[in-house]
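Undergrad: Below: one structure in structure tokens.
The values are calculated or read from the model by the stated rules, or taken from the named source; none is laboratory data. Small disclaimer: the values here were computed from a predicted structure and weren't measured. Glycine gets a Cβ as well: all are built from the backbone with ideal geometry, and neighbour counts include every protein chain shown. Ligands, DNA and RNA are excluded from the accessible area calculation, which covers all protein heavy atoms including side chains. Shrake-Rupley method; radii C 1.70, N 1.55, O 1.52, S 1.80 Å.
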Amino acid sequence: MSAVFDVWAILNSVVIMLALGLAPRRQASAANLNVLFRAVLGYNFLLPALLLFCVQLSTGGFNASVLAALGLCIACAGGTSAGAFIRQVNGSEPLAAMLILSCVGSSIVSVSLLSWSGHYELGVLSLLELTGVLALITLLPFALGRWMGRARGARSARWQRRLNRSAGLSVILLVAALFYRYAVEILGGPLQPLAAAGLLVLILALPPGLLESDPVVRRTLVLGTLVRNLTLVLALLALMPNASALLPTVLAFGLAMYLACAALLWRWRSLTTSAV
């Protein structure tokens, strides 16, 4: 993406994590920790990797560049845009915050393993720098929100509402701008990246959607799993010599991911409105 889109995405992350930090704090229960454990390890990493491996083993349909791009998208979990989407469908904001922060940490581990395996040419120093950047745009604003919530009390609730509205609008505008900029070349390009992107969306969204019974938890985990950290993916691509071969699949996945989120938001908000 261009520098404008990169900065825009980073600012969105800061505002969303600040708003999540301002959300009312709840005591972490054993049930929530169990949900978080299976979401981070199962839904975000192990199940997508296993299902993609099974599809590739049975069909052999994707070339090496497409597979490498899909692997990178799976490894880079913890997309902060999920925080704005989860708020819109009355999901669990405390669970969303824990999920995003846990996945950001796990993503660094996953990307490091991919790099050390020799399949992705990334420098260790660059990974350390990216870890620092991720901490600055996720952990720091979240911690600041927690502090503001304790220090400002009732006033922080008003700030949270304003930040949530701003973040939601900014994410929608960013998605629209990305769609306007890249949709023609993605949709008019090779079929394989599009097919791979659609498959990865299903692999990420279906397991939590089918296996979770609680509707609030289900919506939170589906969106928290589906929305990947594309800012991290694109930052890693900037370090890779074969980035041009991987970029079409990454952009196609980003387009498919946000279209799927829009469809889910419309569906779940419609159900919420009709229930009221």
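Undergrad: Determine the calculated [θ] at 222 nm for the chain from helices alone, applying -39500 (n - 2.57) to every DSSP H run no shorter than 4 residues and normalising by the residue count; nearest 500 deg cm²/dmol.
TA: Numbers: 13 runs with 217 residues, N = 276.
Mean residue ellipticity at 222 nm (helix-derived): -26500 deg cm²/dmol.
Undergrad: I would also like to ask the following. Rounded to the nearest 10 degrees, what's the angle between the helix 154-187 long axis and the longest principal axis of the chain, both from Cα atoms, 0 to 90?
TA: Orientation of helix 154-187: about 20 degrees from the principal axis.
Undergrad: Extending each Cα 7 Å along its Cβ direction at Ala243 and Ser166, get the distance between those two points in nm, one decimal.
TA: 3.0 nm
Undergrad: On C-alpha positions alone, give me the angle between the axis of helix 124-134 and the longest principal axis of the chain, in degrees, nearest 10.
TA: 30 degrees
Undergrad: Mind pulling the angle between the C-alpha long axis of helix 191-211 and the longest principal axis of the chain? Nearest 10 degrees, somewhere in 0 to 90.
TA: Roughly 40 degrees, rounded to the nearest 10.
Undergrad: Give me the Å³ per residue figure for the convex hull around the C-alpha atoms of the chain. Numbers along the way, then the final one.
TA: On the way: hull volume 36.5 nm³, N = 276.
For the chain, the hull spanned by Cα atoms encloses 132 Å³ per residue.
Undergrad: What longest region of the chain stays clear of trypsin sites (Lys or Arg not before Pro) that DSSP places outside H, G, I, E and B and that have at most 16 other Cβ atoms within 10 Å? List each step's numbers first, then the result.
TA: Numbers: sites that count: Arg25, Arg26.
Longest gap between qualifying sites, sites excluded: 27-276.
Undergrad: Name the residue, out of Ala19, Ala263, Ala238, whose mean-square fluctuation peaks in a Gaussian network model built on the chain with Cα pairs under 10 Å.
TA: Ala263
Undergrad: Tell me, what is the 1.4 Å probe accessible area of Glu121, in Å² to the nearest 10?
TA: Rounded to the nearest 10, the figure is 120 Å².
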